[in-house]
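The values are calculated or read from the model by the stated rules, or taken from the named source; none is laboratory data. Values in this document were obtained by computation on a predicted structure and should not be read as measured data. Because the Cβ atoms are built from the backbone with ideal geometry, glycine has one as well, and the counts that use them run over all protein chains shown. The accessibility values were calculated without ligands, DNA or RNA, using every heavy atom of the protein model including side chains. Shrake-Rupley method; radii C 1.70, N 1.55, O 1.52, S 1.80 Å.
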Amino acid sequence: MSTETMASTRGSVSAMDGRPSPRRGQAEATRALLLRTAERLYAERGLAQVSNRQIVEAAGQANNSALTYHVGTRTDLIHAITHAHGQPIAHRTSEMVRAARGSADPRVHVASLVLPYTEHLATLGTPSHYARFTAQVTADPAFAGGILADPLLAPHFQEGLTAVWSHVPDLPPAEAALRSQTARLAIIHTCAEQERTAAETGTPADWLLIGHALTDAVTGLLLAPRHTPGT
């Protein structure tokens, strides 16, 4: 049997038994390294301050086109990082939203949307970068239009939002939108600052405390009575 035939046979066996080939495994490892490196650099410096070349160099890759080859465009890269974190968050959101169905306590519904995010951040260790990455993407004009709305989250998150808003006093649309935006930014930027502090001090953030404090704060913000300006 020739060397070429043996190599082909090994590749076929690997594919048949479900194991990735060494080449495919190496490619997946390189892609994961590029995603982690990009997430860290974007979190620490901001999206506009980080070039593809800097990501490739920081990841120790000799080929300047490695990022394009393994991930794609800059937008593809942002989506890939968000999607990787979005999967466990979506799974936990689904669990909590289902458990909250029928509850008359608005805080329970708010918790089903807040805690999956902070619980995920708790799994990332110290230092982590995803909370700061999220804040950077949210603040970047090129990506502020909803790139963080991962499709995995959509059905569960929308059900949770509907349950939350069923407990909120009737508000004019502009005021409802303002409260919603304020709550979203409070969660994103509070978590980013807590993550930054943990990275700088080496002391892990208390994500359990942070998650429940944010749940209380957002519940209060959304349920606050409306005062007509001028009265």
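Here are the numbers for the structure shown:
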| quantity | calculated |
| --- | --- |
| Matching residues in the stretch 111-133 - criterion: being closer than 14 Å to residue 206 by Cβ and open to solvent by less than 30 Å² (accessible area, probe 1.4 Å) | 115, 118, 121, 128, 131 |
| Residue match in the stretch 72-84 (condition: among the aliphatic types (A, V, I, L, M) and open to solvent by 40 Å² or more (accessible area, probe 1.4 Å)) | yes |
| Which numbered condition residue 39 fails, given (1) part of a helix (DSSP H, G or I); (2) surrounded by fewer than 20 Cβ atoms within 10 Å (Cβ to Cβ) | (2) |
| Positions within the stretch 62-95 being touching a residue at least 40 places away in the same chain (Cβ under 8 Å) and either more than 23 Å from residue 134 (Cβ to Cβ) or aliphatic (A, V, I, L, M) (or both), in sequence order | 71, 77, 78, 80, 81, 84, 89, 90 |
| Flag for residue 88 being touching a Lys or Arg at 6+ places or on another chain (Cβ under 9 Å), not small (Gly, Ala, Ser) and not in a loop (DSSP other than H, G, I, E, B) | no |
| Residue, farthest from residue 126 (Cα to Cα), within the stretch 181-201, restricted to residues that are touching a residue at least 24 places away in the same chain (Cβ under 8 Å) and open to solvent by 50 Å² or more (accessible area, probe 1.4 Å) | 182 |
| Subset of the stretch 202-231 [surrounded by 20 or more Cβ atoms within 10 Å (Cβ to Cβ) and either under 19 Å from residue 165 (Cβ atoms) or touching a strand residue (DSSP E or B) at 6+ places or on another chain (Cβ under 6 Å) (or both)] | 214, 215, 218, 219, 222 |
| Qualifying positions in the stretch 35-50 - modelled with pLDDT under 95 and among the hydroxyl-bearing types (Ser, Thr, Tyr) | none |
